[in-house]
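Participant: Before I ask anything, here is the structure I am working with.
The values are calculated or read from the model by the stated rules, or taken from the named source; none is laboratory data. Just so it is clear, the model here is predicted, and its values are computed rather than measured. Using ideal geometry, Cβ is built from the backbone for each residue, glycine included, and neighbour counts are taken over all protein chains shown. What goes into the accessible areas is simple: the full protein's heavy atoms, side chains included, and nothing from ligands, DNA or RNA. Shrake-Rupley method; radii C 1.70, N 1.55, O 1.52, S 1.80 Å.
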Amino acid sequence: MSDDHTRVQEFFGVRAADWDLRFPDDGPAYAAAVAEIGLREGGRVLDAGCGTGRALPALRAAVGPSGVVLGADLTPEMLREAARAGRDREGALLLTDVAALPLRSSSLDAVFAAGLIAHLPRPAENLREIRRVVRPGGVLALFHPIGRAALAARQGRALTPDDLRAEPNLRALLTGAGWRMTSYADEDTRFLALAVREA
């Protein structure tokens, strides 16, 4: 296991048990973000870096009982909390790294990723791997339940121009990985960037 993986697992592993308690009011923001993806009944969607699976109920509601919902995370403790909360009934939970997804190429309609991009050790490479599993024309949603400035303030850090999620930086990163950004919103109450997989 790489040092990056170990750091991510250590960071989230010790926070897993009370993760949902720390952010009890995020449900509506997740549901609203999922609604903007445009998923259809019977669709196939992955929550990449699903953590405790807070997006899984909204994703299941969007694709219905005939759809496929997967939640992938690198941290076993987070997946245990997702199962403890009953979110494993909304989708299959996978202990895996988004850098090497155990999925067929072009097998998904969309990928939802909440808070993931800041934890990717090699963002361009990792976004190409996510692109691999999404069909041409499929959607990537990069989400956070608060905006960049609010998140930086919460974490006690300054918001800098080299922030990966700043619009010009993110647009260039996505373009280089084979995605076309179609919308970008960075507000106090949420961050949501949508991109479409180029053919």
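Participant: Restricting the first residue to region 31-48 and requiring it to be open to solvent by 10 Å² or more (accessible area, probe 1.4 Å), which pairs with a second residue that is part of a helix (DSSP H, G or I) and at pLDDT 95 or above meet a Cβ separation below 6 Å and a spacing of at least six or different chains?
Facilitator: Once the first residue is open to solvent by 10 Å² or more (accessible area, probe 1.4 Å) and sits in region 31-48, its partners that are part of a helix (DSSP H, G or I) and at pLDDT 95 or above give 31/58; 39/62; 39/63.
Participant: Another question, if that's okay. Any idea which of 56, 79 is under 15 Å from the mean Cα position of the chain (by Cα) and either within 18 Å of residue 109 (Cβ to Cβ) or surrounded by fewer than 22 Cβ atoms within 10 Å (Cβ to Cβ) (or both)?
Facilitator: From the options 56, 79, the qualifying one is 56.
Participant: Right, next: For region 101-181, list the helices (runs of 4 or more DSSP H) that sit wholly inside it and hold at least 3 residues that are surrounded by fewer than 15 Cβ atoms within 10 Å (Cβ to Cβ); which are they?
Facilitator: Because the criterion is at least 3 residues that are surrounded by fewer than 15 Cβ atoms within 10 Å (Cβ to Cβ), the helices (runs of 4 or more DSSP H) in region 101-181 that meet it are 148-155, 167-176.
Participant: Which condition number in (1) outside any helix (DSSP H, G or I); (2) under 12 Å from residue 112 (Cα atoms); (3) among the β-branched types (Val, Ile, Thr) is the one that residue 34 fails?
Facilitator: Only one criterion is unmet by residue 34, namely (1).
Participant: Give the residues of region 68-89 that are assigned to a helix (DSSP H, G or I) and free of Cβ contacts under 8 Å to residues at least 60 places away in the same chain, sorted by residue number.
Facilitator: Those that are assigned to a helix (DSSP H, G or I) and free of Cβ contacts under 8 Å to residues at least 60 places away in the same chain: 79, 82, 83, 84, 87, 88, 89.
Participant: Look at residue 69 and say whether it is among the hydrophobic types (A, V, I, L, M, F, W, C), touching a Gly at 6+ places or on another chain (Cβ under 8 Å), under 20 Å from residue 35 (Cα atoms) and open to solvent by less than 30 Å² (accessible area, probe 1.4 Å).
Facilitator: Answer is yes for this residue.
Participant: Among what's in region 182-198 and is among the charged types (D, E, K, R) and in contact (Cβ under 8 Å) with a residue 60 or more places away in the chain, pick the residue that is most open to solvent (accessible area, probe 1.4 Å).
Facilitator: 198
Participant: Filter region 14-30 down to residues that are free of Cβ contacts under 8 Å to residues at least 24 places away in the same chain and assigned to a helix (DSSP H, G or I) and give me whichever is least open to solvent (accessible area, probe 1.4 Å).
Facilitator: Looking at residues that are free of Cβ contacts under 8 Å to residues at least 24 places away in the same chain and assigned to a helix (DSSP H, G or I), I get 18.
Participant: Looking at region 5-13, can you tell me whether even one residue there is open to solvent by 40 Å² or more (accessible area, probe 1.4 Å), at pLDDT 95 or above and of a type in the set (Lys, Arg)?
Facilitator: no
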